[in-house]
Amino acid sequence: MGEFIEVKIDLSECTDMSDVDKWVQVCPVNIFKVEDNQPAVIEENEDECTLCMLCVEAFPHDAVTIHKLYENGMI
Ligand code: SF4
């Protein structure tokens, strides 16, 4: 988990992994990777998140949530 940002992936929303490479590539600061054919978060990069929300749009519905730890809230 980052110090300021936590990115969570709900794998239960990712039922069809055929586009997983496209999902992880949308992030401009490399917060995602593919591991065992599933999306995963690269924790050491989480604080680089620019809150661009491209991942929220690219991943299946509600699969990704971005949490601002410094405001204790979810975007
Ligand atoms: S909001 Fe943007 S920068 Fe942050 S994890 Fe998603 S794609 Fe990457």
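The values are calculated or read from the model by the stated rules, or taken from the named source; none is laboratory data. Quick caveat: nothing in here was measured; it's all calculated off a predicted structure. Cβ: placed from backbone, ideal geometry, glycine included. Neighbour counts: every protein chain shown. Only protein heavy atoms, including side chains, enter the accessible area calculation; ligands, DNA and RNA are left aside. Shrake-Rupley method; radii C 1.70, N 1.55, O 1.52, S 1.80 Å.
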* Structure fact -> The number of residues in the range 53-75 that are near the ligand (Cβ under 8 Å from one of its atoms) and open to solvent by less than 40 Å² (accessible area, probe 1.4 Å) is 4
* Tell me which residues, restricted to the range 7-51, are in contact with an Asp or Glu (Cβ under 7 Å, 6 or more places away or on another chain), open to solvent by 40 Å² or more (accessible area, probe 1.4 Å) and outside any loop (DSSP other than H, G, I, E, B). => Glu13, Val34, Asp47
* Structure fact -> Looking across the range 15-52 at residues that are more than 14 Å from the ligand (Cβ to nearest atom) and in contact (Cβ under 8 Å) with a residue 40 or more places away in the chain, the single one that is farthest from Met74 (Cα to Cα) is Asp16
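Take the residues of the range 52-75 that are part of a loop (DSSP other than H, G, I, E, B) and touching a strand residue (DSSP E or B) at 6+ places or on another chain (Cβ under 9 Å): which is nearest to Glu6 (Cα to Cα)?
Per the criteria, the residue is Leu69.
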